[in-house]
Every structure is written in structure tokens, then in C-alpha cells.
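Following: one structure in C-alpha cells, then a few remarks.
The values are calculated or read from the model by the stated rules, or taken from the named source; none is laboratory data. This is a predicted model, so every value here is computed, not measured. A quick note on method: Cβ atoms are made from the backbone with ideal geometry, for glycine too, and the neighbour counts reach across all protein chains shown.
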Amino acid sequence: MENSASGQIQQEANSSIKNENTEIPVESRTSSGNENQNEQLVIDIETMLKTSEIPVSDECRIYRVLDHLRKWNGEAYIPQVISIGPYHHHKEKFQKMEKYKARYFKSFMQRAEIEINSENLVTTIREMEDIIRPCYVDTVQLERDDFVKMIMLDVTFILDLFLKEDDPMIVEPWLENMVAGELLLLENQLPFFVIKKIYHLALPSRSNSLSLIQLTFDFFKYWNIHNKAPEGEIKHFTDLLRFFALPPHDKLPQRNPKMVFPKYSAKQLREAGVKFELATQLREAGVKSEVVPSKCALDLSFKEGVLKIPLLDFQDYTEVYVRNIMALEQCSYRRDRYFTDFYLILDRLINTDKDVDLLSNKGIIVNSLGGNNVITSMINNLNRGIYRSNMDSNLCRLCEELNEFYEKTWHRWKAILRHQYFSIPWRVASTIAAIILLVLTLIQTVCSIIQIVPIV
């Protein structure tokens, strides 16, 4: 019995030792697995941190349009026939234009004043790659060679397009017009300094940087851009478009943290006595100056009951341009949204088709889009999703004066009278008839009193 019990105890002890020995590798494997998982997680986190440290250029920033702006009219920001830069480069529909770019590249190389070849251009752009990539706020996924090739073809395409007077390669007029328009889209940009670098490399006789700006002005003059040179460096073509819509930088008003907008539409203001006129400006024309309609957004003014508004020429591309400039200000000019201020005010002045009709009759609005409802809808939708934190101090004061003008007792009563009794022809007729009847009744009453009262 003792031997049996002893043997059983020894067997259980051996079994316990065996179990302990078999469990050790299991714990070891579990620990090793966790270490492997942690190691991979640490690598992922370190990669994330390195990615988040990608520098952004201080010289030029090219943004994607914010999603909350894009949802109101996404097509206004997306190119349809040509891709410039990396944001839309991968799309299949632009492959036809890539063939055009190759032909323009060949033409540009033949145009060069000095003997340059593909290697010269590749070397120059590759040396600038670390400066160009950070200009794009969204990470560019293209490999280095693909990125350099894309920039080279896009730059030479733009320059050769600018230099051509009669272009036999783009024979369809509609395509040429669309290409010119899409070079102004915010997501379709190259840093201007890259274009200037290649321009001077290939055409050293035009060493003055202003000549490239002049060439740019000449190309975009079709889009009603006035010829004036910017004081500072152009960041890209969308930035150039904004520049032409505003006064010179040194004439921009201060910003006001208080924001005030008109409470009353153009029609309501007119009923209160406000007069509307087209804003004008002097333009140099050789040795003489001529008065022309102003297209500067900040030429909006109100003085002595007269509201002057710059020309609003609504063409097919107007909404596209306005939206892209406003998107640029939302991203890059967060403290200087002067262009946006103007359209925020215009949104308050135009509420119905009658407001558009009023401004059209005054020569302020030129409508090439069709019915007035098209413009009303456009203006009232431009400012959706727009963030604002301050305002042009001059426009803020203008809005205060407009509101005060309408709210003066006599002006308000005049507006009520016009609205209630003189707004449409039959009301005018009824009001005049009522006044005549009242006068006749008064005369009859006076005559009756005279007959009753004895003459002394």
C-alpha cells in the first residue's frame, strides 16, 4: 500500500512537473507575440509622426478645396479637360491632354534661346523638388521621377501656350477657352516661382521677371483682367485672379473684428430713397485717362444717399472664378478675406429677382446667363459654408450707414408708403382715387358748412 501510494504521489508529482514544463513555452510564445505586436505598433506610430512633420512651404501653399465648400458646387473646383499639378494628375480623362503637353514640350525646347535638353530641365526641377513638394498641402503620392516629369511637362506646356500667338495644336476654340479657364482653378496650380525659373533658364534675354508677369497678363486678358503689376510675388494663377479683383496691397483697409451686414435688400433700400450707380475708375490709355466701369470689389461705396457698386459681369465662368477665389481666401488669406466680404454683402443686397432687375436697369449687373433667377440663386449660394471672423473696416462702416439710412423715421415711412400704396399699378390707381375722393369729400363738407353757417 505504501509503495502504491508512494508511486501514485511520485506519478502526480512528475505529472505536475511535466505540466509546468509544457506551460512555459506557451507563456513564452504569448509574451513574444505581444512584443511583436507592440514593435509593429511603435513602427506605425513613428511613421505617422514622421509623416506629420512634412514641411509646408512658406513661399507658396496650394490647397485642396475644403469639403464643406465643395459640397455646394463641387464641379466649380474640378478641372474637366486638363490637369496641372498633382491633385488630379492620376485621372484617366486627362490622358488626351498629356499628349498635347508632350507636343508643347517639344515646341518649347525648339523655342529656347540657348541649347537646353531634357537633362537640363530634369536636373533643374529635381534640385527644386524639396521646395516644390511642400507647396502642396495635401501629401503628393507620386514617386520622384514621376513628380519631376509631371512638373516639367506642365511648366513647359504653360509657357509655350503663353508664347504662342496662333496655336495650331489646340484647334477647337472651346477647348482652348476651357484650358485657359482651368489654369485658374485652385486645385490646378503650379508654384509661380517654378514657372519663372524655367522661363529664365530657357529664355535668358527676358531676364526681367516683370516680362513673365506681362506675358501672363497678356494671356489672361481674355478673362477681363486689367493690366497692373503686383507689388509682391504671385503665388500662383488663382492668387493672380484674386489680385486683380482687389486694390493694391498698400491700399487695403484695416480689418474690423465686428461684422455688420445690410439688413435690407436693394429694392427695399431704393424704396427708402437710396440711389444706385455703377462705380467707375480712371484707367490710363496712352497719354490720356478714360473713365471705365470698375471691377474692383472694394470700390463699393455709399455717400449722400448714393450706393455705388462695381460692375458685376455674369458670364459662364463667373461662379467658378468667384468660388475659387473665396476658397483661396478661406485657406490662405484667413485674416484678409476682402473678396469674400464683398460677396457676403452682395448676398444681403440681392434676395429676389426684383433686386437683380433693379441693378440690371442701373447698368451694375450684366447678365449673360439667362433669367434673373439664375443670378439670384448663384449669389445666395456662394456664401454657404464660408467661415468669417473679421471684416473690412470700410465695408463694415458702409453697412452701418446703409442700415441707419433706411431706419431713419422719414426714410422708413417713405419705404412703407411706397411698399403699401405705390408698389404696383393698381395700388397706385387705387391710392390716387382714394386721395381724390378724400379731397372731394373734404370740399363737399366745407361747402355744406358754409351753407349752414349764416353770413354775417
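Candidates are the residues of the stretch 370-410 that are of a type in the set (Asp, Glu) and over 22 Å from the mean Cα position of the chain (by Cα); the one that is modelled with the lowest pLDDT is Glu407. Taking Lys263, is it surrounded by fewer than 12 Cβ atoms within 10 Å (Cβ to Cβ), charged (D, E, K, R) and under 30 Å from Thr409 (Cα atoms)? Spelling it out, it is not the case that Lys263 is surrounded by fewer than 12 Cβ atoms within 10 Å (Cβ to Cβ), charged (D, E, K, R) and under 30 Å from Thr409 (Cα atoms).
Annotation: Ser265 fulfils all but one of (1) at pLDDT below 90; (2) touching a helix residue (DSSP H, G or I) at 6+ places or on another chain (Cβ under 6 Å); the unmet one is (1). Among the residues of this structure, Ile213 counts as one that is aliphatic (A, V, I, L, M), modelled with pLDDT under 90 and assigned to a helix (DSSP H, G or I).
What strands (runs of 3 or more DSSP E), lying completely within the stretch 257-321, carry at least 1 residues that are farther than 30 Å from Ala180 by Cβ?
Working: elements: 275-278, 280-285, 288-293, 301-303, 306-309, 312-314.
Per the criteria, 275-278, 288-293, 301-303, 306-309.
Among the candidates Ile78, Ile84, Ile62, which residue alone is at negative phi, modelled with pLDDT of 90 or more and in contact with a strand residue (DSSP E or B) (Cβ under 8 Å, 6 or more places away or on another chain)? Criteria check complete, one pass: Ile62.
Before we move on, is Arg334 assigned to a loop (DSSP other than H, G, I, E, B) and either of a type in the set (Gly, Ala, Ser) or in contact (Cβ under 8 Å) with a residue 40 or more places away in the chain (or both)? Against the criterion (assigned to a loop (DSSP other than H, G, I, E, B) and either of a type in the set (Gly, Ala, Ser) or in contact (Cβ under 8 Å) with a residue 40 or more places away in the chain (or both)), Arg334 qualifies.
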